[in-house]
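The values are calculated or read from the model by the stated rules, or taken from the named source; none is laboratory data. Everything numeric here is computed off the predicted structure, so don't read it as measured data. Please note: Cβ atoms are built from the backbone with ideal geometry, for glycine as well, and neighbour counts cover all protein chains shown.
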Amino acid sequence: MTTKLQVLIPITIAAIIVGTVGIMTMPTDIKLESAEFPRGTIKVDNIVLDVQIADTPPSQQRGLMFQDELPYDQGMLFVFDEMQIISMWMLNMQFPLDLIWFDSDGNVVHIEKNVQPCKSALETVTCTAQNAAGQEAKYVLEVTAGFVDEFTITKDSKLEIISI
């Protein structure tokens with residue numbers, strides 16, 4: 001019979017290896033604590049947001065890492081070339097987020113509220129949020145936790161891109 005320790009030790013070792021390899025293979029520009037992103041304006045329902053745009057693989061991997069806060073009238077919009085299953089990585093985040101996945105028509109395909117940051121390489125294995133049931137999306141909007149409830153964002157909400 002297998003003991004808990006016999007199961008936990010290999011899992012822990014694998015998590016450490018995956019986390020270490022992930023950090024070591026991260027592009028150098030992602031590791032920098034200050035980064036400038038292009039900016040744009042979007043609307044979700046009638047709420048206008050000033051957003052940072054993450055539309056390249058390095059900027060998408062960097063995301064909101066190391067930022068201390070994000071006011072309710074701001075967010076980060078991840079823009080992908082095509083519809084796909086998108087997982088979000090919460091490493092080095094300083095605060096929890098609400099995440100909203102949208103299809104190419106701006107329809108909500110999934111919402112995750114109050115996604116907590118992961119603080120260590122060991123947590124990277126379990127520190128992702130993926131849209132439900134593997135639904136494909138083209139955009140992901142990251143906003144401060146509480147935004148979805150504050151502005152009553154639902155599956156019926158709509159993304160409108162004003163400028164990006």
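If you go through the stretch 71-94 and pick out every residue that is more than 14 Å from Pro117 (Cα to Cα) and more than 10 Å from the chain's Cα centre (by Cα), you end up with 12.
If you check Phe80, Phe37 for being at pLDDT 90 or above and closer than 21 Å to Lys155 by Cα, only one passes: Phe80. Within the stretch 60-76, being hydrophobic (A, V, I, L, M, F, W, C) and out of contact with any strand residue (DSSP E or B) (no Cβ under 6 Å at 6 or more places or on another chain) holds for Met65, Phe66. Could you grab me the full set of residues in the stretch 99-112 that are within 12 Å of the chain's Cα centre (by Cα) and either more than 17 Å from Gln135 (Cβ to Cβ) or aromatic (Phe, Trp, Tyr) (or both)? Within the stretch 99-112, just Trp101 meets the criteria. Checked against the criteria, Gly19 does not count as at pLDDT below 90, of a type in the set (Gly, Ala, Ser) and on the phi > 0 side of the Ramachandran plot. Among residues of the stretch 85-108 being at pLDDT 95 or above and either surrounded by fewer than 14 Cβ atoms within 10 Å (Cβ to Cβ) or among the β-branched types (Val, Ile, Thr) (or both), the one that is farthest from Asp45 (Cα to Cα) is Ser104.
Just give me the residues in the stretch 119-164 being over 18 Å from Leu77 (Cβ atoms), at pLDDT 70 or above and surrounded by fewer than 12 Cβ atoms within 10 Å (Cβ to Cβ), in sequence order. Residues satisfying the conditions are Gly134, Asp149, Thr152, Thr154, Lys155, Asp156. In this structure, Gln116 does not satisfy being at pLDDT below 95 and surrounded by 15 or more Cβ atoms within 10 Å (Cβ to Cβ).
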